[in-house]
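Heads up: the structure comes next, in structure tokens.
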Amino acid sequence: MSAVARSTSVDTGAGVPATEPGAVLPAAAAGRRRSLRRRRRWVGLAFAALPLGIYALVVLVPLAQSVQYSFYKWDGVSTPSWVGFQNYVTFITDPVLRSTFGHVLVLIGFFALLPIALGLLSAALLTRGQQHGMAIYRWIFFLPQVMTTVVIALVFKRIYAPDGPLNQALRAVGLGSLARTWLGDFTWALPALGLVGTWVTFGFCMVLFISGTSAIAPELYEAARVDGAGPVREFFAITLPGLRGQLAVALTLTITAALRTFDLVWITTHGGPGTSTLTPAVALYKAAFQNPQVGLAAAIGVVMALLCLIVALVITRVSERD
């Protein structure tokens with residue numbers, strides 16, 4: 001066999017192996033491989049440099065500035081003065097601003113929990129048997145996702161108006177006593193906006209869960225039916241565990257949407273009546289532009305960004321557990 005074909009060593013008697021002529025030293029080969037990996041790494045970083053630079057300029061730099069502004073009392077014009085964590089303390093202790101957390105919890109129930117429950121139920125019913133027109137169902141329920149929030153807010157503002165379709169329908173069926181100015185009622189304004197969020201996110205959750213259900217092996221359902229499992233047992237034993245990844249995505253997107261709710265509230269109620277529908281995002285806008293308190297607005301933004309990040313991390317970690 002040729003010496004080039006493989007590398008062999010011969011003991012010279014002095015304890016030093018002598019490599020045959022033409023053989024490749026293992027250390028030299030490893031060095032070349034490391035050099036090649038290093039060059040590939042630098043090439044990858046060179047391709048990613050421009051996108052990373054744009055991301056840093058558009059996202060990281062403004063984020064760092066917001067964190068910096070949150071430690072100052074500043075109206076956006078005059079010289080800022082250092083106040084430390086006072087803006088964060090104000091956000092947590094002020095009764096009006098603190099009430100926004102309670103409003104967000106209510107919106108999470110409407111934006112996340114209710115749509116996910118309805119989406120799971122709809123996916124389980126629609127995928128249990130072969131249904132005709134499934135594509136049409138998905139398109140109809142997913143339609144709110146392709147509409148802008150501004151359009152949705154304007155439509156529902158008209159529906160909830162005192163002379164709007166909702167009150168007219170209640171009066172037509174003899175339930176005129178239930179008619180009210182929905183968006184002007186201190187009790188019903190927030191639930192009314194929450195139902196809009198349910199309508200918007202329900203279609204997304206349903207389509208997501210239907211797609212996830214279609215990826216579950218049919219043999220699992222057949223085995224469950226052979227064992228005598230009913231529809232409820234099939235759902236909790238097969239469908240729900242199989243949708244763990246989709247549930248994580250749905251929870252992350254819907255909860256963060258509830259935390260960041262602004263345009264729907266601003267267009268319909270401006271946070272009113274009073275402060276009954278005030279959310280952190282609306283409070284941030286008012287602090288930044290109506291009552292120039294840039295430092296307080298920055299503190300609100302930083303807190304909400306941290307909350308969104310914590311929610312995403314917790315859901316991701318829980319969903320990845322076996």
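The values are calculated or read from the model by the stated rules, or taken from the named source; none is laboratory data. Just so we're clear, the structure is a prediction, and the values are computed from it rather than from any experiment. Glycine gets a Cβ as well: all are built from the backbone with ideal geometry, and neighbour counts include every protein chain shown.
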Point to revise | Qualifying residue in the stretch 217-237 (condition: surrounded by 16 or more Cβ atoms within 10 Å (Cβ to Cβ), outside any loop (DSSP other than H, G, I, E, B) and in contact (Cβ under 8 Å) with a residue 60 or more places away in the chain) | key: yes
The number of residues in the stretch 35-80 that are closer than 14 Å to Val294 by Cα, exposed (fewer than 10 other Cβ atoms within 10 Å of the Cβ) and of a type in the set (Gly, Ala, Ser) is 1
Within the stretch 238-264, the residues that are outside any helix (DSSP H, G or I) and surrounded by fewer than 20 Cβ atoms within 10 Å (Cβ to Cβ) are Arg260, Phe262
Going through the stretch 70-88 in order, the residues found to be within 22 Å of Met304 (Cβ to Cβ), assigned to a loop (DSSP other than H, G, I, E, B) and of a type outside the set (Val, Ile, Thr) are Ser70, Phe71, Trp74, Asp75, Gly76, Pro80, Gly84, Phe85
Does the stretch 135-155 include one or more residues that are over 25 Å from Leu264 (Cβ atoms), modelled with pLDDT under 95, surrounded by 13 or more Cβ atoms within 10 Å (Cβ to Cβ) and of a type in the set (D, E, K, R)? no
Going by what's in this entry, would Thr201 be described as surrounded by fewer than 12 Cβ atoms within 10 Å (Cβ to Cβ) and polar (S, T, N, Q)? no
Got at least one residue in the stretch 82-100 being free of Cβ contacts under 8 Å to residues at least 24 places away in the same chain and among the acidic types (Asp, Glu)? yes
